[in-house]
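Trainee: Following this message is one structure expressed as structure tokens.
The values are calculated or read from the model by the stated rules, or taken from the named source; none is laboratory data. Note that the structure is a prediction, hence the values are computed from the model and not measured. With ideal geometry, Cβ positions are generated from the backbone for all residues, glycine too; neighbour counts draw on all protein chains shown. The accessibility values were calculated without ligands, DNA or RNA, using every heavy atom of the protein model including side chains. Shrake-Rupley method; radii C 1.70, N 1.55, O 1.52, S 1.80 Å.
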Amino acid sequence: MNKNVVVYSSNTCVYCKDAKDYLQSIGVEYTEKNVSTDMAARKELIKKGFMGVPVIMVEDETIQGFDKDKIDELLK
């Protein structure tokens, strides 16, 4: 089963790139919401209570930052 994965990122965030590279390396499709260029995504993120990126949503679970172990756990 493919889980719904959304990555909130920005243009200058190294950890965002690492997270996206990791997801691609394990074959996980995701939707990227870039808060640098997408004001709606930025507002969404702030509404959820986050000020920094990356924020990775796996279904209803939220991971703040690039936490490989947590990503693996939620994708099982």
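Trainee: Taking the Cβ of Thr31 as the center, what net charge do the other residues with Cβ under 13 Å away carry, scoring Lys and Arg +1 and Asp and Glu -1?
Mentor: Net charge in that neighbourhood comes out at -2.
Trainee: Which aspartates and glutamates have a Cα lying under 18 Å from the Cα of Lys47, excluding residues fewer than 8 positions away in the same chain?
Mentor: Output for Lys47: Glu32, Asp38, Glu59, Asp60, Glu61.
Trainee: Accessible area per residue, 1.4 Å probe, Å², for the chain: what's the number?
Mentor: Value for the chain: 65 Å² per residue.
Trainee: Could you give the length gained by full extension between Lys76 and Glu59, i.e. 0.36 nm per residue of separation minus their alpha carbon distance, to one decimal place?
Mentor: Value of the extension gain: 4.9 nm.
Trainee: With no solvent and one point on each alpha carbon, what is the Debye value of log10 I(q)/I(0) for the chain at q = 0.11, 0.16 Å⁻¹?
Mentor: -0.23, -0.50
Trainee: Averaging sequence separations of C-alpha pairs under 8 Å and six or more residues apart, then dividing by the length of the chain, give the relative contact order as a whole percent.
Mentor: 38
Trainee: May I ask you to give the percent of accessible area on the chain that is carbon plus sulfur, with a probe radius of 1.4 Å?
Mentor: The nonpolar share, carbon plus sulfur, comes to 47 percent.
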